[in-house]
Structures are given as structure tokens and as C-alpha cells.
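First up is the structure itself, then whatever we jot down about it.
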Amino acid sequence: MGSLFGGYLSKKNCVTVVDVNSSLIDEINKNGVRIKEKNGTVSSFFPFGCTNTVSLGYQDLVIVFVKSMFTISSLESNKGIIGPNTYLLTLQNGAGHESKLLKFADRQHVIIGTTQHNSSVISPGYIFHGGVGETSIGLLEGNPLILQNIANLFTECGFDCKVCDSIQKQIWQKLFTNTAASSVTALLQVPLGFIHKDPHANWIMRNLCKEAVDVANALGLDFCLEDVIADVENVCTNAPEGFTSIYSDIHDGRQSEVDTISGSVAEAARTVGLSVPFHELIIHCIHALENKNKKEMKK
């Protein structure tokens, strides 16, 4: 996702892509970011890539796309680019990321958001742009009109972006799909379409939706369960061969973001006094798979 946004935004802006993977950065600086669209076309974009931001100075906008468990360490390693007027934006999966960004900026400079775009890695510097849709952003505190320039900039570069005064509701809207569908693809190691076709997987998805909607509504967000289930079904049917990032994490033996996806629902449930046993089971099962992968890698 960092390559996707960095590539598109570089069409009209000075963009730096930061990553600890030196081979990826070398590829970007040599051949650019190559993005393959669903229709088969491939375009190249040329942001600057680096592994060290010491010489960059303060930036206007820093977009965080790392896995949630690396947010604080990534920002700490690159805090020299965060000035008093720098905006920090997270479009990461899950919820609750603002608490980490607030360690590096005040509430007037932390932007939270969500995007319906998705992408996957084909090879270093070469990605597949698998899904499009709306991107929504909102400030934690302050005048949301300040964000309109950012939204306009995103839209001009190919991301339909809106400033939203109910951004938490938008984040939960995406969280439903992540916690009710993406987490199940990780657990069962299946593409999204399996959740729609298989009655057992579909039953799990619907129960996860119900728990998450109950929690969201207890927080005052006012969702309709039937609409949420229909939205998740649409995601599964529109991308039947789609593989989610959390699926890939488990498949490839990496640590997943389950604690900021399903875990964020469980944490919110505790604050409102609700029980979410399906989510608790998913969290423990995925962590068990992570531990299994670790043991197998040591053999």
C-alpha cells in the first residue's frame, strides 16, 4: 500500500518512500514503482526511495502504512521528519492507531482514515492494484476544512478522497470486513470467495459481524447488521480469488495484525461491557498459527 500511494501521489508531488528493505528501495530508485491494474496495464512511477531519513528534514505529510506492530518503532526511527506542522496520517487496517501517532504529534495534526483501495506485492517494486474505492480522512481535533487540500491532492492523483466528520464510523465500516472476512481467510487459509460459498465459513462471518456491530452500536455508531453483512458479502463475491494481507502473513510465516483488527473489536467490547467470544476465538487461533509457524521455521 505504501508503494501504491507513494507511486500515485508522486505524479504531482515530491514523494519519498521509506522502507528498511534496501533491495526494495534500490529497485524503486532504479526502475520506479510499477503498478499493474486489474485490466492488465502496467504503469511506472518515480518517487524517491530511502532507508534513512536523516537528511530529509521536516515533511508536510507523513503517511503510515507499516504493520501496526511496527508503527511506534518506525516513527521513532524517522522522527526527524516530523516537525511541529507535520500531519501524520494513518490508513492502516484495524482501529486504535491514533494512540500511537499521538506520541509524535498533537491531536490537531493526527489524521485517521480508511481506504477501499488494496494492493499486493508481485515482486519488489512491482505491485498489483487489486481494488479501488473511496478514501476517507478526518482529524482527531480541529477544523476538518484544513484537510480539504490533502483530499483534493489525493483525488487529483487517482484516489477518490473525502473529508469525513464521522471518520470513526468509516473506520468501523472497513473494520467489519477485516474482522469478519479477512481474519477468516487467515484462519482457514482460503480466498475471500470461499467465505461466500461455504456455509460454515459464512456462518462464522455472520457471527463475527453481529459481535462487531453490537460493539460499534454500543459506542454510539448506529449500524444496521443486515447492511453490514451485505457489504461483507459483496466484498467476498466481488473478489472471489482475493487474498488478504492477514492471510498472506499466516501463509508466509509472519506475525499478523490480528491484535489491531479482531483485537480492536475485543478491546472495545471490554470498554462497553460486552462479550465477543467469536472474536476471542479468532484472536487465539491466529496467534496459535503464528506460534506454529515459528516452531516449524526453527526445525
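Kindly indicate whether Ala268 is assigned to a helix (DSSP H, G or I), surrounded by fewer than 23 Cβ atoms within 10 Å (Cβ to Cβ) and at pLDDT 95 or above. Let's see the steps before the verdict.
Numbers: assigned to a helix (DSSP H, G or I): yes; surrounded by fewer than 23 Cβ atoms within 10 Å (Cβ to Cβ): yes; at pLDDT 95 or above: no.
So Ala268 fails the test.
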Fill in the blank from the handout: Within segment 57-99, of all residues that are over 15 Å from the mean Cα position of the chain (by Cα) and charged (D, E, K, R), the one least open to solvent (accessible area, probe 1.4 Å) is Glu76
Exercise for the section: Within segment 171-182, identify whether any single residue is more than 22 Å from Phe223 (Cβ to Cβ) and either open to solvent by 60 Å² or more (accessible area, probe 1.4 Å) or part of a helix (DSSP H, G or I) (or both), and answer yes or no. Expected result: no
Practice task
Any residue in segment 206-225 that's at positive phi: show its pairings with residues that are open to solvent by 40 Å² or more (accessible area, probe 1.4 Å) at Cβ separation under 9 Å, as long as the two are six or more apart or on different chains.
Solution key: Asp222/Lys169
Practice task
State whether the residues of segment 131-153 include one that is open to solvent by less than 20 Å² (accessible area, probe 1.4 Å), touching an Asp or Glu at 6+ places or on another chain (Cβ under 6 Å) and among the β-branched types (Val, Ile, Thr).
Solution key: no
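Would you confirm whether any residue within segment 227-246 is out of contact with any helix residue (DSSP H, G or I) (no Cβ under 8 Å at 6 or more places or on another chain) and assigned to a loop (DSSP other than H, G, I, E, B)?
Checking segment 227-246: not a single residue is out of contact with any helix residue (DSSP H, G or I) (no Cβ under 8 Å at 6 or more places or on another chain) and assigned to a loop (DSSP other than H, G, I, E, B).
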Exercise for the section: Note down all Cβ pairs under 9 Å where the first residue falls in segment 36-51 and is touching a residue at least 60 places away in the same chain (Cβ under 8 Å) and outside any strand (DSSP E or B), the second is of a type in the set (Ser, Thr, Tyr) and exposed (fewer than 15 other Cβ atoms within 10 Å of the Cβ), and they're at least six residues apart or on different chains. Expected result: Glu37/Ser43
Exercise for the section: Report, by residue number, each residue of segment 132-170 that is part of a helix (DSSP H, G or I), touching a residue at least 60 places away in the same chain (Cβ under 8 Å) and in contact with a strand residue (DSSP E or B) (Cβ under 7 Å, 6 or more places away or on another chain). Expected result: Ile150, Phe154
Handout entry: Checklist (1) farther than 23 Å from Thr115 by Cα; (2) open to solvent by less than 60 Å² (accessible area, probe 1.4 Å); (3) over 21 Å from the mean Cα position of the chain (by Cα) applied to Asn52, failing item
Key = (2)
Fill in the blank from the handout: Exception for Val54 within (1) β-branched (Val, Ile, Thr); (2) touching a Leu at 6+ places or on another chain (Cβ under 9 Å); (3) assigned to a loop (DSSP other than H, G, I, E, B) falls at (2)
Problem - Selection status of Gly220, part of a helix (DSSP H, G or I), out of contact with any Leu (no Cβ under 9 Å at 6 or more places or on another chain) and open to solvent by less than 70 Å² (accessible area, probe 1.4 Å) - result: no
Exercise for the section: Among the numbered conditions (1) at pLDDT 95 or above; (2) assigned to a loop (DSSP other than H, G, I, E, B); (3) open to solvent by less than 60 Å² (accessible area, probe 1.4 Å), tell me where Gly253 comes up short. Expected result: (1)
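The values are calculated or read from the model by the stated rules, or taken from the named source; none is laboratory data. The model shown is predicted, which means the values in this text are computed figures rather than measured ones. Reconstructed Cβ throughout: ideal geometry from the backbone, glycine too, with neighbour counts over all protein chains shown. These accessible areas exclude ligands, DNA and RNA; they are computed on the full protein's heavy atoms, side chains included. Shrake-Rupley method; radii C 1.70, N 1.55, O 1.52, S 1.80 Å.
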